[in-house]
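These notes are about the structure you will find just below.
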Amino acid sequence: MGRVFNEAFFDIKKHPGVSLLILVQISILVFSANFFFEVIGNTINQTQKQNAEIGELRHYALTDNLVGDYEKEFLKREDALINLKKFNAALENKDEYGYVEAYQSPLLIFDEKMPETTLLGYDDNNPERSIGKVNGEVACEVKGFAVTKGFMRLNPVRNSAGEIIPDSMYDEENGNVNIILGHEYEGIYSIGDEICAMNMGEKVISLRVVDFLEEGASVYYRNKYLNLDRYVLTVFPSDKEIPEDYEEYHSQIVRLIMKMNGEFVTKENPDDIQAFVNEACKEAHIYPASKVETSTNAQIAITGTAIDVIIKTFEKMLVILAVFSVASTIIFVSIKISRNKKYYGVLLLNGYSKKEIFAIIMVSFAIVIACANALGLFVYKLSALFTTIDSVNVPATIAANIVIFLSAMASTLFIIKETQIDKFLRGIND
Amino acid sequence: MININNVVKTYYDGMNKTEVLKGVNLTVSEGETVALMGRSGSGKSTLLNIIGGLISPTKGCVTIDGEETDYTDTNSLYKLRREKIGYVLQDFALISRKTVLNNVTFAVRSKAYKEKGYAKVKSMLADVGLIDKLESYPFQLSNGEKQRVAIVRALVDNKRILLADEPTGALDAENAERIMSIIKEKVKENNMAALIVTHDKDVAAKCDRVVNIEYGMIRSGK
């Protein structure tokens, strides 16, 4: 056995370039296997946790791509409002899919007494930029969140008295838009106060404070929990059938586009949802993102909870990784044996058996694998300093090693068995 | 010592059949050095490879040291090469990254040769004038020195047979003569049997007997 070990060490040193290549390849595999399993494993765990929290329902966000030139062109279209209404109606009136609208957008409030933390510029350490004059009046740009009754039913929140805010609070009353203020507004405004504001449609509206949220109130929005302490919660006002003037028309268009950015809450799979959205786009002459022919389009983005999609992707990547590892190992083994042919031939000529040659190759491989594991795991642990990965995934490491070792073993065995001793001796001079 | 009885070797390549050896009979006795001469393709190296157990004959049998070689048993063939046969090839078959000493010791199996830090191996290398080259690498040696290393390796572990394929093919006349003297001396000293394939008549003349092979058959000197 000592003889085999001696020759195995010699075998590694003999062509250090090949040994180094094998070492690097296996290190990369060990690193990727760990990284891959750890990151994907964490994602799956997190997703499962989220699913447990939000139940069986999955949230799919719908996002409009109405920006830039498309937006300008779209707004020129005579049938823009009709088609948007048609599209919105299609989304809202589908029984199989719950469609809830919510939109996070700035709100311009004509009042100076806004708390600094609620200003939009506060997060950029520049709250001053959110205070200015509009039409000669001081206005503050604050964090706004437009919701519908349906959205709030899925995300019941409590008021400062600890009671669930009832559905009726999200209704429109006498042309006033109801607003519920986040915890940080308490003490600045009182219930019943009326505030003058301008929405994204650049229409001046009157907001009426109907309640305050309890501290830490949050809603599940776009795959994360949104804390509402600094937000003004507004409801989408209902639209009149026919707009009275251009201002009203524009306002409706903007609101409908905002509503296109809602969420499907359903047990259905993403493919079905996408198919439904595509069909609704077609009916309303709004083309999906892949066919940007007209002024607008809409596409669906999965924001989170489709665990089966993650697992399927994971499985595919795993197969690719395994195939790549097996192929590269076979190539490296062939290169190694081919470059050492004469050396093995000399050993065979001097009484070594093919079994011993096989053992020499496998022991040298095992030594390189051991070094590669140490290197791969060292780099992996090093990368933990810059990422969220934490522990070494032992099963993944073992699996990667088994794949490598078995493919090396099989290819070595095949080549050694199929090659006659005199053919080994005809290898390039050692 | 070596007894070759009616050995036939045929190669098949699809429908093509090439008979390289056509019933060869040859005996080499203890202490005898026999030169095997013939043109290229006459079957000299094939015969050497069959005796050494590297390839098997299609027909016939080979007896070495009283034991018939079983070509169906790979383990006994390894044993044969390990215990009884030493090879010397034209290209020396040295391992370039091993020192002179290591080029010999990797082939050593017997305790007697391993004792006292391979003292016996060192003494054999000293015997052929290589004592100051133990730590040298093959690229630092002349062709004559390389072949002397190969001869020592072929003799360790008290091998019984020395098979040499053009051992002087890459050497000048002076070195060729020295190598032949060493081979003859060691064969006599160790009571071995040597079969030397050569094209060189001068080399053949130094052997105890010359055997000519033509078209796969022994023509003279059986």
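Right, A:Glu163: in contact with a strand residue (DSSP E or B) (Cβ under 6 Å, 6 or more places away or on another chain) and modelled with pLDDT of 85 or more or not?
No, not satisfied.
Quick one: in the stretch A:240-261, which of the residues that are under 26 Å from A:Gly98 (Cβ atoms) and among the β-branched types (Val, Ile, Thr) is surrounded by the most Cβ atoms within 10 Å (Cβ to Cβ)?
Per the criteria, the residue is A:Ile257.
Take A:Met317 and decide whether it is surrounded by fewer than 16 Cβ atoms within 10 Å (Cβ to Cβ), in the same structural domain as A:Ile40 (by TED's automatic domain parsing) and assigned to a helix (DSSP H, G or I).
yes
Check the stretch B:128-137 and report whether any residue there is touching a helix residue (DSSP H, G or I) at 6+ places or on another chain (Cβ under 8 Å) and within 13 Å of another protein chain (Cβ to nearest Cβ).
Yes, the stretch B:128-137 contains at least one residue that is touching a helix residue (DSSP H, G or I) at 6+ places or on another chain (Cβ under 8 Å) and within 13 Å of another protein chain (Cβ to nearest Cβ).
So which residues in the stretch A:76-88 are exposed (fewer than 14 other Cβ atoms within 10 Å of the Cβ) and assigned to a helix (DSSP H, G or I)?
Listed by number, the residues that qualify are A:Lys76, A:Ile82.
May I ask you to verify whether B:Asp127 is surrounded by 14 or more Cβ atoms within 10 Å (Cβ to Cβ), over 30 Å from B:Leu21 (Cα atoms) and modelled with pLDDT under 85?
Against the criterion (surrounded by 14 or more Cβ atoms within 10 Å (Cβ to Cβ), over 30 Å from B:Leu21 (Cα atoms) and modelled with pLDDT under 85), B:Asp127 qualifies.
Condition check ((1) surrounded by fewer than 19 Cβ atoms within 10 Å (Cβ to Cβ); (2) aliphatic (A, V, I, L, M)) across all residues:
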{"site": "A:Pro156", "(1), (2)": "yes, no"}
{"site": "A:Asp167", "(1), (2)": "yes, no"}
{"site": "A:Ile179", "(1), (2)": "no, yes"}
{"site": "A:Gly182", "(1), (2)": "no, no"}
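I'd like the residue in the stretch A:336-345 that is part of a helix (DSSP H, G or I) and either crowded, with 24+ Cβ neighbours inside 10 Å or within 14 Å of chain B (Cβ to nearest Cβ) (or both) and, out of all such residues, is farthest from the chain's Cα centre (by Cα).
That would be A:Gly345.
Which residues, taken from the stretch A:388-414, are modelled with pLDDT of 80 or more and surrounded by fewer than 18 Cβ atoms within 10 Å (Cβ to Cβ)?
Selection gives A:Val394, A:Pro395, A:Ile398, A:Ala399, A:Ile402, A:Phe405, A:Leu406, A:Met409, A:Ala410, A:Leu413, A:Phe414.
Go over the candidates A:Glu38, A:Glu73 one by one and state the one that is surrounded by fewer than 18 Cβ atoms within 10 Å (Cβ to Cβ), touching a Ser or Thr at 6+ places or on another chain (Cβ under 8 Å) and not in a loop (DSSP other than H, G, I, E, B).
Just a single option satisfies the conditions, and that option is A:Glu73.
Is it the case, given these coordinates, that A:Val18 is crowded, with 17+ Cβ neighbours inside 10 Å and within 14 Å of chain B (Cβ to nearest Cβ)?
For A:Val18, the condition - crowded, with 17+ Cβ neighbours inside 10 Å and within 14 Å of chain B (Cβ to nearest Cβ) - is met.
Here is a yes/no grid of residues against (1) closer than 20 Å to A:Gly187 by Cβ; (2) under 24 Å from the mean Cα position of the chain (by Cα); (3) not acidic (Asp, Glu):
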position: A:Glu101; (1), (2), (3): no, yes, no
position: A:Leu108; (1), (2), (3): no, no, yes
position: A:Glu116; (1), (2), (3): yes, no, no
position: A:Leu119; (1), (2), (3): yes, no, yes
position: A:Val134; (1), (2), (3): no, no, yes
position: A:Arg153; (1), (2), (3): no, no, yes
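Just to be sure before I move on: is B:Ala150 touching a residue at least 60 places away in the same chain (Cβ under 8 Å), among the small types (Gly, Ala, Ser) and within 20 Å of B:Gly31 (Cα to Cα) in the structure I sent?
yes
Would you mind stating whether A:Lys133 is in a strand (DSSP E or B) and surrounded by fewer than 12 Cβ atoms within 10 Å (Cβ to Cβ)?
So A:Lys133 fits the description; yes.
Out of B:Ile196, B:Ile179, report the one residue that is crowded, with 21+ Cβ neighbours inside 10 Å, more than 14 Å from chain A (Cβ to nearest Cβ) and at pLDDT below 90.
B:Ile179
List, please: which pairs have Cβ atoms under 6 Å, are six or more places apart or on different chains, and start with a residue in the stretch A:253-278 that is within 13 Å of A:His59 (Cβ to Cβ) and end with one that is part of a helix (DSSP H, G or I) and modelled with pLDDT under 80?
Sorted first by the residue in the stretch A:253-278, then by its partner, the pairs are A:Phe264/A:Ile273.
Check A:Phe110 against each of (1) surrounded by 14 or more Cβ atoms within 10 Å (Cβ to Cβ); (2) in contact with a Phe, Trp or Tyr (Cβ under 9 Å, 6 or more places away or on another chain); (3) in contact (Cβ under 8 Å) with a residue 60 or more places away in the chain and name the one condition it does not meet.
Just one mismatch for A:Phe110, condition (2).
Do any strands (runs of 3 or more DSSP E) entirely within the stretch B:30-106 hold 2 or more residues that are facing chain A (nearest Cβ under 10 Å), and if so, which?
Ranges flagged: B:85-89.
The values are calculated or read from the model by the stated rules, or taken from the named source; none is laboratory data. Model, not experiment: these values are computed from the prediction. Cβ coordinates were reconstructed from backbone atoms using ideal geometry, including for glycine residues, and neighbour counts include every protein chain displayed.
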